[in-house]
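Just below is one structure, and these are the notes that go with it.
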Amino acid sequence: MREWTIEVVPVGPLRMNAVILAAPGTDGTAGEAILIDPGDEPERLLARIDALGCRLVQLVCTHGHFDHVGAGADIQDAVDLPLRCHPDTVPFVERLPEIQALWGFPATRVPRVAADLHDGGTIPFAGGTIGVVHVPGHAPGHVMFTLPGHAVVGDCLFAGSVGRTDLPGGDFAVLEKSIRERIYTLPDDTVVVPGHGPDTTVGREKAGNPYVRG
């Protein structure tokens, strides 16, 4: 796998962490980038990818809540890529404008999706692969992405907290199981990149998270 960087860009009024995975090009060619969770501020995200000397090759999401997918269609206006997601995420994306209006946010267009992310799958990137792990509980189709030394976990786990489970499809028992069996089984030094707020580590959350202890 080529050298890669991970950059977190908080976007929108909810300060959702869009994540850019970037790998430099070779022999003067443009690098490659994956955008995880295109939630808001599409122009800013595309400008940052361009500034990194990369072209966007994959557009993916951890789950379908509006703050994680709201800018997907605008990104697609610039780059002809589907928003890849888990099949159980599709109903949430399809209701995007309705849910945004319900929460008092301006409606955005529904992005084109490819519901082809499944538990145990992989995404090729920069000569290596990114793992796809189903971690429901906060949302039915929630997935996390695993890379060497990192896990992009969306809204499953935060520094000192966990994702809310009072939204449609949420279930704390299911979330706890996902965290214990899928996240806490990663190496303790794995950097956890959450959907909101600062990074943490698996070991830190196992030892001190007040909601789910390891």
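All of the numbers you see were taken from the coordinates with simple rules; none came from a lab. It should be emphasised that the depicted structure is a prediction, and the values quoted were computed from it without experimental measurement. FYI the Cβ positions are ideal-geometry reconstructions off the backbone, even for glycines, and counts take in every protein chain you see.
Given R0 = 45 Å, the distance between the Cβ atoms of ARG44 and ARG213 translates into a calculated FRET efficiency of 0.75. Take the Cα of VAL110, step 7 Å toward its Cβ, do the same at ARG2, and the gap between the two points is 3.6 nm. One chain, two ends: GLU98 and ASP189. Fully extended at 0.36 nm per residue, the span grows by 28.8 nm beyond their Cα-Cα distance.
For ALA51 and HIS196, a Förster radius of 25 Å and the Cβ-Cβ distance give a FRET efficiency of 0.60, rounded to the nearest 0.05. For the peptides 104-110, 29-35, 67-73, residues were scored by their other Cβ atoms within 10 Å and the scores averaged per peptide; the highest-first order is 67-73, 29-35, 104-110.
Positive-end ranking of PRO148, THR185, GLY214 along the dipole of the chain, with charges on Cβ about the Cα centre, is headed by GLY214. What's the magnitude of the charge dipole for the chain around its Cα centre, counting Lys and Arg as +1 and Asp and Glu as -1 at the beta-carbon? Answer in Debye, nearest 20. Dipole magnitude for the chain comes out near 340 debye.
Summarising the strand pairing of the chain, around 65 percent of its internal DSSP beta bridges are antiparallel. Is the shape of the chain best called rounded, prolate or oblate, per the rule: a/c under 1.5 gives rounded, else a/b larger than b/c gives prolate, else oblate, with a ≥ b ≥ c the square roots of the Cα gyration tensor eigenvalues? The shape class here is oblate.
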